[in-house]
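The values are calculated or read from the model by the stated rules, or taken from the named source; none is laboratory data. Only a predicted model underlies this, so the values are computations on that prediction, with no experimental measurement involved. With ideal geometry, Cβ positions are generated from the backbone for all residues, glycine too; neighbour counts draw on all protein chains shown. In case anyone asks, the SASA skips ligands and DNA or RNA and just uses the protein heavy atoms, side chains included. Shrake-Rupley method; radii C 1.70, N 1.55, O 1.52, S 1.80 Å.
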Amino acid sequence: MQKEARLVTVDRVWSGRWHGPSVVRVSPTAIHLVGAVDPGHGDDADLPHLPGTLFSPFTDSHVHLGLVEPEQLVRGGIGRVLDLGWSPDVAALWPERGRVDVGWPEVQVAGGLLCPPGGYPSRAGWAPDDASVVVADAADAERAVVRMRDLGASVVKLTLNSDVGPVLDDDVLRAIAVAADRVGLLTVAHVQGSGQVRRALDAGLLRFAHAPFSELLPDDLLDRAADGTWISTLDIHRGDEAQEVAIANLRGFRERGGHVLYGTDLGNGDLPAGVNERELRALQRVGLGREALLAALGSDDSLDAGQDGAHWTPRASWVPQPPPADERDDPAWLARASVLTASTLQELLP
């Protein structure tokens, strides 16, 4: 028998801005932010209480679901993911799985990775053979982009990795960008190797799967990049000089107004399946404070309560404690997150 919608109070809510003690409506399929607790309203005081802080779902904007167990992300506080490269036919099934299985995060996918013959990741051990979608010319670019769109991709992923093999030429880069724009998809570029950031920007590619780590970028490139979006993935370089390069580049990019998203490249090495405290600490070194960290984690200010209340998907991220007094403690605090669905939240209520 389906449970009825219930009201619950929570200590704090973040939905693109902070809310103090709040009333949330929990139905079997959705979570709504109703508004602030009214101290003068006796009924609010009688509602069941969820301690801690509720967030619109935390997002990891760079994962490879084929290399991890998606359920672990949910247990670790990640409610939404962007998969940036796998077998296109396999990845095409994941968005629907995320819609119907509350044990999974919500999923958006890129499908395959567009690359030249012999280019990355065609010789990489981590990727299935068909994850590499070979693009040799402009006609291939059009066909590949349309195929990814038809398979349900939300973005087009392409690779520019001169460290391990050949890279797409300038005409093909532009053809991919034009084809993606024509079918309404964003492009995300893996950019690695000396000179590849400049080539990506020359082709109009502004969304990068990684903060650039191959070389320190000069001011003119940072200025040109500032209208774009970079996904952080700083922790994959821990212990290497590449992390210092990536942090310096990301700091310069952000200081110029660039948009930073939290992403981990989950599946690449020994990374926690959930909110990664080390990634957040590296982002603090870039200069992100509390609100900027939460914005990078994908919180959406469209969820602020309006006349009819705000709608969340059936998932919300939750930390059982309120925010710490010292923002330096935020990474450890956020790493305690788990994901609540409408059904699991109801199970916590008396």
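Here are the numbers:
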item: Loop-located trypsin sites (Lys or Arg not before Pro) in segment 53-130 whose Cβ has at most 13 other Cβ within 10 Å (DSSP); result: Arg123
item: Scaled radius of gyration (Cα, divided by 2.2 N^0.38 Å) that segment 101-172 gives; result: 1.18
item: Percent breakdown of C-alpha pair distances by 5 Å bin, ordered from the shortest bin, for segment 63-147; result: 3, 16, 23, 21, 15, 11, 7, 3, 1
item: Between helix 170-182 and the chain: long-axis angle, C-alpha atoms, 0 to 90°, nearest 10; result: 40
item: Value of relative contact order over segment 126-216, rounded to a whole percent, pairs C-alpha under 8 Å and six or more apart; result: 28
item: Whole-Å semi-axes of segment 1-83's equivalent ellipsoid (Cα gyration tensor); result: 30, 15, 9
item: Distance between segment 80-113 and segment 199-269 - C-alpha centres, whole angstrom; result: 24
item: Solvent-accessible heavy-atom area per residue, rounded to whole Å², over the chain at 1.4 Å; result: 41
item: Carbon plus sulfur fraction of accessible area for the chain, probe 1.4 Å, in percent; result: 49
item: In segment 207-248, trypsin sites (Lys or Arg not before Pro) in a DSSP loop with at most 12 other beta-carbon atoms within 10 Å; result: none
item: Prolate/oblate/rounded label for the chain (Cα gyration tensor, a/c 1.5); result: prolate
item: Degrees, to the nearest 10: 241-255 long Cα axis against longest axis of the chain; result: 70
item: Relative contact order of the chain, defined on C-alpha pairs under 8 angstrom at six or more residues apart (%); result: 23
item: Rounded to 10°, Cα long-axis angle of helix 138-150 versus longest principal axis of the chain; result: 20
item: For segment 186-307, average projected area of the Cα convex hull in nm²; result: 8.5
item: Pair-distance profile P(r), taking every C-alpha pair of segment 50-206, with 10 angstrom steps and integer %; result: 11, 39, 32, 14, 3, 1
item: Accessible surface, 1.4 Å probe, highest first, among residues Val107, Val37; result: Val37, Val107
item: Helix-only [θ]222 nm of the chain, DSSP H runs n ≥ 4, -39500 (n - 2.57) each, per residue, nearest 500; result: -8000 deg cm²/dmol
